[in-house]
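I have placed the structure first, in the form of structure tokens, so that the comments after it can refer back to it.
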Amino acid sequence: MKLLSVNVSQLATVAYRGRSVTTGIFKTPVPHRVTVQRMNLEGDRQADLSVHGGTDKAVYIYPFEHYATWAHELGRNDLTFGQFGENLTVEGMLEETVHIGDTFRVGRALLEVTQPRVPCYKLGLKMGSAQFPKKFLTSYRTGYYVRVLEEGTLGAGDSIERITMDREAVTIRQAVCLAFFEQKDVAMLEKVLRIRALSQDWRTMFQEQLTAITSGKTQ
């Protein structure tokens with residue numbers, strides 16, 4: 001596993017459907033090492049802190065292997081590091097093999113996986129297609145957020161080591177499926193809710209799903 005690119009951005013104001021919106025999605029690679037802090041990467045900004053940032057979503061990771069697939073599906077040859085708004089473009093860390101609660105040493109930082117990424121309209125704005133966020137979600141190629149357990153520096157070319165794997169072994173792909181496509185799997189809901197590292201937003205969502213199912217069964 002390897003870190004291929006570190007991508008950051010300042011805030012930008014762009015036109016969207018007749019109004020101005022502020023976004024930090026236009027990430028570009030940096031040529032030097034940066035410090036990973038509890039809430040974010042050094043030099044990076046996040047616009048809407050209700051859906052990005054905070055301790056549960058401090059850093060966004062995206063697998064580079066998806067770039068070729070998207071290029072083929074979209075008929076594009078202009079996809080560059082940071083294309084999907086990710087802070088870290090990585091190799092060898094697919095959604096099928098990374099679990100919520102896994103921890104990884106990246107450079108001198110220790111990161112813990114908390115939840116998949118849910119795309120918003122700003123990804124569609126970045127990609128030039130209002131339909132792209134739905135396509136992104138249904139592809140299961142969402143990437144994922146991490147919290148920072150230990151601050152430290154990292155840079156392109158750093159190796160990545162999995163330090164621990166969560167005992168429940170719920171992959172990012174499985175979590176996406178449970179949240180949006182197979183929402184009534186009680187056993188899986190109970191399983192994912194046992195994961196200590198699960199972000200608070202997704203814990204609340206899954207608990208509401210489980211409560212709705214179990215209350216319905218008792219009526």
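Read-outs throughout are calculated quantities, based only on the coordinates presented, and are distinct from any laboratory measurement. Predicted model, so just to flag it, every value in this text is computed and none were measured. With ideal geometry, Cβ positions are generated from the backbone for all residues, glycine too; neighbour counts draw on all protein chains shown.
Using a Gaussian network for the chain with springs between C-alpha atoms less than 10 Å apart, which of these wobbles most: T171, T13, T153?
Greatest mean-square fluctuation among the candidates belongs to T13.
Using only alpha carbon pairs under 8 Å that are at least six residues apart, calculate the relative contact order of the chain and give it in whole percent.
Relative contact order for the chain comes out at 25 percent.
By the scheme Lys and Arg +1, Asp and Glu -1, what is the net charge of all other residues having a beta-carbon under 11 Å from that of R33?
Net charge around R33: -1.
Given that just one value was derived from the coordinates, which of [x] 48, 42, 32; [y] 57, 44, 32; [z] 80, 56, 22 is Cα extents along the principal axes in Å?
Among [x] 48, 42, 32; [y] 57, 44, 32; [z] 80, 56, 22, the one calculated here is [y].
Under a Cβ-Cβ cut-off of 10 Å, what is the net charge of the residues other than A156 that fall near it, where Lys and Arg count +1 and Asp and Glu count -1?
Here the charged neighbours net out to +1.
In a GNM of the chain with a 10 Å cut-off on Cα contacts, which of I160, I61, I172 has the highest mean-square fluctuation?
The residue with the greatest mean-square fluctuation here is I160.
Say the dipole of the range 67-175 comes from +1 at the beta carbon of Lys and Arg and -1 at that of Asp and Glu; which of A109, A169, Y145 then lies farthest toward its positive end?
With unit charges placed on the Cβ atoms, the residue in question is Y145.
Considering only G18, L198, V186, whose Cα is most displaced toward the positive end of the charge dipole of the chain, charges sitting on Cβ of Lys, Arg (+1) and Asp, Glu (-1)?
G18
If you add up the charges near Y16, with Lys and Arg at +1 and Asp and Glu at -1, over every other residue whose beta carbon is less than 14 angstrom from its beta carbon, what do you get?
Cβ neighbours under 14 Å give a net charge of +3.
Of the options Q131, Q207, Y67, report the single residue whose Cα projects farthest towards the positive end of the charge dipole of the chain (beta-carbon charges: Lys, Arg +1; Asp, Glu -1).
Q131
Where does each of 210-216, 163-169 land if you order them by average Cβ count within 10 Å, highest first?
Packing proxy ranking, top to bottom: 163-169, 210-216.
Per residue of the range 43-48, in order, report the coupling 6.51 cos²θ - 1.76 cosθ + 1.60 (Karplus, θ = phi - 60°) as ³J(HN,Hα) in whole Hz, putting x for Gly and Pro.
Each residue of the range 43-48 in turn: x, 10, 10, 10, 7, 9 Hz.
List the residues whose amide H sits under 5 Å from the amide H of A156, counting only those 5 or more places along or on another chain, with H placed 1.01 Å from N in the peptide plane.
For A156, whose amide H was placed from the backbone, the distant partners under 5 Å are V6.
Treating only the Cβ atoms of Lys and Arg (+1) and Asp and Glu (-1) as charged, compute the dipole magnitude of the range 2-182 about its Cα centre; round to the nearest 20 debye.
620 debye
What are the residues whose amide H is under 5 Å from the amide H of G101, where those residues sit 5 or more places off or on another chain and H is modelled from the backbone?
V113, T114
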